[in-house]
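Working notes, structure below.
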Ligand SMILES: [Mn+2]
């Protein structure tokens with residue numbers, strides 16, 4: 001068995017710290033749950049995530065490919081960086097590579113996400129149709145009319161290391177094309193296209209272990225997300241809103257005890 005890798009992308013507008021902190025919550029949650037693989041965070045802050053290095057964790061400075069014109073342009077550029085990392089990550093060195101959006105925390109160990117035999121494991125969101133404008137921007141007309149399938153989230157997937165380059169190259173070239181349908185999220189729509197055309201075994205990440213409580217009503221029940229392995233704050237609009245929610249998920253999972261010791265220290 002080779003080594004596994006998780007990477008995420010945390011880019012902030014100049015002077016902002018929102019995504020930097022989201023990534024830190026995510027990495028801390030992975031380390032607290034004893035993830036056994038390597039972790040890489042790409043970020044654009046001069047400040048390191050941790051003052052004390054963590055074993056198996058690396059941070060890489062990455063700047064936007066060009067200056068952003070406005071906040072919307074910034075978000076598009078930042079999302080595009082998800083598939084621009086083959087210079088730093090050599091997929092063949094790993095058994096599996098997982099991408100996790102930085103607006104996620106893990107509530108328990110996710111080593112088993114890497115056990116699947118398929119060479120691409122994805123998360124199809126419950127209660128969605130791939131024709132939604134978040135997923136279906138690159139569907140053909142026929143698929144738009146007839147394909148029955150859930151939309152695929154581009155924020156959590158695992159690929160076999162030897163196919164990592166292929167996946168990212170296809171994702172990048174697809175996204176460079178003009179969408180063929182109504183398209184809200186171009187990066188995620190391009191990912192859906194690549195999965196539909198994938199020439200290999202496709203698996204689903206463990207059912208019921210990924211929750212999107214801020215955008216998916218199927219999983220919005222409190223128990224549904226507190227029992228999940230990954231909580232993904234997709235659709236949480238503003239970064240501070242996501243941070244507040246994920247901070248509460250993190251503290252609920254890792255800093256809670258029935259005597260509320262931490263709270264009582266702070267509220268002496
Ligand atoms: Mn996300």
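Nothing in this text is a laboratory measurement; each read-out follows from the coordinates by a stated rule. Remember, predicted model here, so these are calculated numbers, not experimental data. Quick reminder, even Gly has a Cβ in these numbers, built from the backbone with ideal geometry, and neighbours come from all protein chains shown.
Structure data summary
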| quantity | calculated |
| --- | --- |
| Euclidean distance between Cα centres, segment 183-231 to segment 90-129, Å | 10 Å |
| Contact order relative to length of the chain, as percent, for alpha carbon pairs under 8 angstrom and 6 or more apart | 21 percent |
| Extension reserve of the residue 55-residue 34 stretch, reckoned as 0.36 nm per residue once the Cα distance is removed | 6.4 nm |
| Separation of the residue 265 and residue 221 label points, Cα + 7 Å toward Cβ, nm | 3.5 nm |
| Choice from 91, 184, 151 with maximal GNM fluctuation in the chain (Cα, 10 Å cutoff) | 184 |
| Between segment 140-161 and segment 1-34, the alpha-carbon center distance in angstrom | 25 Å |
| Nearest-ten-degree value, helix 164-176 long axis tilted from longest Cα axis of the chain | 70 degrees |
| Residue with peak Gaussian network fluctuation, the chain [Cα springs, cutoff 10 Å], from 133, 238, 95 | 238 |
| Cα long-axis angle, helix 71-80 against the chain (0 to 90 degrees, to the nearest 10) | 80 degrees |
| Listed residues 120, 196, 30, most fluctuating in the chain (Gaussian network, C-alpha, under 10 Å) | 196 |
| Whether the chain is rounded, prolate or oblate, judged on the alpha carbon gyration tensor where a/c under 1.5 counts as rounded | rounded |
| Prolate/oblate/rounded call for segment 1-147, Cα gyration tensor, a/c under 1.5 rounded | oblate |
| Pair residue 87, residue 240: separation of 7 Å Cα→Cβ label points (nm) | 3.4 nm |
| Virtual paramagnetic centre 7 Å along Cα→Cβ of residue 204, amide N under 20 Å, in segment 106-133 | 110-132 |
| Length gained when the stretch residue 71-residue 112 is fully extended (0.36 nm per residue, less Cα-Cα span) | 11.1 nm |
| Mean ellipticity per residue at 222 nm, deg cm²/dmol - from DSSP H runs of n ≥ 4 across the chain, formula -39500 (n - 2.57) | -9000 deg cm²/dmol |
| Rounded to 10°, Cα long-axis angle of helix 18-32 versus longest principal axis of the chain | 70 degrees |
